[in-house]
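The values are calculated or read from the model by the stated rules, or taken from the named source; none is laboratory data. What you see is a predicted model; the values in this text were computed from it and never measured. Here Cβ is always computed from backbone atoms with ideal geometry, including for glycine, and neighbour counts include all displayed protein chains.
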Amino acid sequence: MTVRDKQPTDVAIILGTRPEIIKLAPLIRECENRDLNFILIHTGQHYSESLDSVFFEQLDLPEPDYNLEIGSDSHGEQTGRMIQGIERILLESTPDVVLVQGDTNSVLAGAIASSKLPIELGHIEAGLRSFDDEMPEEVNRVLTDHAADYLFAPTEDSAQLLRNEGLPDDCIYVTGNTVVDAVEEHSQLALHRSDVLTEFELAENPFALVTAHRAENVDNQHRFQQLLSGIESVAEEFNLSVLYPIHPRARSRLDEFDIEIPDVIELVEPLDYLDFLLLEQSASIILTDSGGVQEEACILQTPCVTLRDNTERPETLDVGSNLLAGVDPNEILTCAREMIDSEHNWDNPFGDGTASEQILNISCGKTRKSAE
Ligand code: UD1
Ligand code: UDP
């Protein structure tokens, strides 16, 4: 039996997907530094090596104490089975607080399971809103925020959105986003350790970095085709190579729709974090529908065009690091022209890289506003 087994559990951290592993890595390390008795619950929503274990190894994270191995399924099946599994673990381990990060089905399951038990819930990255209820992530965010006892908003704007929904001010803390902690901890390391630029012959070649995996884009054949055609136009006009590390959801839709990929776009397997960070730092432009990638592009001073009609990260638009193009090819090209020609010296709105410390001070240091 380990020491962690014997002591009362201070905090249970729930994660299930690639972005949660990356954005929670600094917080998990901070738990280790503080000798907190924490447990890691992995739902198994992501399970392919390239979306899961590669990050545990590279970021030197402890093995999860539990892996529910839920895998892929319909939203209801997947979330329902997660709730059952998480509830069992929480009843057994009785942590003081549960922390979830972001907007995935794993987050919603963690929120529902803990909010029905006498255990406090902290939501990291609270208060993000796309105001698009068609997005499964929007539903997950809203429900999780309304179930949480601690709302860790990355910016003052996201805190205000929570207040606008009537959530109590003494539960809301503006901490910055742990993505800044993760980028600060790893971007120098990426410069020294990754040879991805040589591997893909990009060291001397200007290139665009692409990710697209959102259900509303890749599950819709017309939108997916439009998006690829817009990327092709950008590559042609600016004479850029294009690297697209493709998420398995998008890969399987390409096969299913039998979409022909423009020659200029090189598809590769999803990359590890250091390789991906170095590509983000080195790209002439990033074209993406990812939430985390919009933030990282902003932090790393790389211009970004978002292949969506809305964003729950409007701070990136406000500081001038990002433009919303949707998937219309002309709009993608127009936005890319504007971003490539713009000055790349905006402010980072997502905090100073101490979000993880602040979150643990508040949720595990017993410094609740009402108790101060
Ligand atoms: C999920 C999140 C999304 C997040 C993304 C991060 C929800 C509703 N969506 O989307 O917000 O941006 O993770 O990448 O929670 N698959 C594999 N291997 C895996 C996992 C999935 O091949 O390890 C394939 C399966 O075919 C699966 C599909 O990808 O059906 C979608 O996986 P799922 O977890 O349902 O959603 P994501 O698109 O990954
Ligand atoms: N990422 C990565 N390898 C890749 C693509 C993305 O490590 O090939 C990282 C990226 O740096 C960011 C996170 O994955 O930290 C974003 O995850 P994703 O786009 O899957 O999810 P979202 O943020 O949209 O929920």
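Does Thr9 satisfy the condition of being on the phi > 0 side of the Ramachandran plot and away from ligand 1 (no atom under 16 Å from the Cβ)?
Judged against the criteria, Thr9 is not a match.
With the requirement that a residue be within 16 Å of ligand 2 (Cβ to nearest atom) and touching a Phe, Trp or Tyr at 6+ places or on another chain (Cβ under 9 Å), what does segment 44-72 give you?
Matches in segment 44-72: Ser53, Val54, Phe55, Gln58, Leu59, Leu61, Ser72.
In segment 26-37, how many are within 16 Å of Val98 (Cα to Cα) and touching a helix residue (DSSP H, G or I) at 6+ places or on another chain (Cβ under 6 Å)?
Adding up the residues that qualify gives 3.
Condition first: assigned to a loop (DSSP other than H, G, I, E, B), more than 16 Å from ligand 1 (Cβ to nearest atom) and under 26 Å from Glu295 (Cβ atoms). Can you find one or more residues in segment 212-228 that meet it?
No; the residues of segment 212-228 include none that is assigned to a loop (DSSP other than H, G, I, E, B), more than 16 Å from ligand 1 (Cβ to nearest atom) and under 26 Å from Glu295 (Cβ atoms).
List pairs: first in segment 12-26 and hydrophobic (A, V, I, L, M, F, W, C), second part of a helix (DSSP H, G or I) and surrounded by fewer than 24 Cβ atoms within 10 Å (Cβ to Cβ), Cβ under 6 Å, 6+ apart or cross-chain?
Taking only residues 6 or more apart or on different chains, the pairs are Ile21/Phe55; Ile22/Tyr273.
Condition first: of a type in the set (D, E, K, R) and within 14 Å of ligand 1 (Cβ to nearest atom). Now tell me which residues in segment 97-117 satisfy that.
Asp103
Which condition does Thr175 not pass, out of (1) touching a residue at least 12 places away in the same chain (Cβ under 8 Å); (2) on the phi > 0 side of the Ramachandran plot, if it passes all the others?
Result: Thr175 fails condition (2) only.
Write out, first by first residue and then by second, each pair whose Cβ atoms fall under 6 Å of each other, whose residues are 6+ apart or on separate chains, and whose first residue, in segment 279-304, is in contact (Cβ under 8 Å) with a residue 24 or more places away in the chain and more than 7 Å from ligand 2 (Cβ to nearest atom) while the second is assigned to a helix (DSSP H, G or I) and of a type in the set (Asp, Glu).
Final answer for the pair search is Leu300/Glu280; Thr302/Glu280.
Taking the stated definitions as given, is Thr94 away from ligand 1 (no atom under 15 Å from the Cβ) and polar (S, T, N, Q)?
yes
Consider Leu143 against the criteria (1) of a type outside the set (Ser, Thr, Tyr); (2) in a loop (DSSP other than H, G, I, E, B); (3) modelled with pLDDT of 95 or more; (4) surrounded by fewer than 18 Cβ atoms within 10 Å (Cβ to Cβ): it satisfies all of them except one. Which criterion is unmet?
(2)
Being away from ligand 2 (no atom under 16 Å from the Cβ) and either within 17 Å of the chain's Cα centre (by Cα) or at pLDDT below 95 (or both) is the filter here; which residues of segment 11-27 pass it?
Ile13
Can you find even one residue in segment 100-116 that is under 29 Å from Pro314 (Cα atoms) and assigned to a strand (DSSP E or B)?
yes
Could you look through segment 73-84, keep only residues that are more than 16 Å from ligand 2 (Cβ to nearest atom) and farther than 21 Å from Ile124 by Cα, and pick out the one that is surrounded by the most Cβ atoms within 10 Å (Cβ to Cβ)?
Arg81
Within segment 44-54, count every residue that is part of a helix (DSSP H, G or I) and either surrounded by fewer than 17 Cβ atoms within 10 Å (Cβ to Cβ) or of a type in the set (Gly, Ala, Ser) (or both).
Summing the residues that are part of a helix (DSSP H, G or I) and either surrounded by fewer than 17 Cβ atoms within 10 Å (Cβ to Cβ) or of a type in the set (Gly, Ala, Ser) (or both) in segment 44-54 gives 3.
Just checking, which of Glu57, Glu63, Glu30, Glu69 is more than 13 Å from ligand 1 (Cβ to nearest atom), at pLDDT 95 or above and assigned to a loop (DSSP other than H, G, I, E, B)?
Glu63
When the residues of segment 87-102 are filtered to those that are in contact with a strand residue (DSSP E or B) (Cβ under 6 Å, 6 or more places away or on another chain) and of a type outside the set (Ser, Thr, Tyr), which remaining residue is nearest to Ile359 (Cα to Cα)?
So, considering only residues that are in contact with a strand residue (DSSP E or B) (Cβ under 6 Å, 6 or more places away or on another chain) and of a type outside the set (Ser, Thr, Tyr), the one nearest to Ile359 (Cα to Cα) is Leu99.
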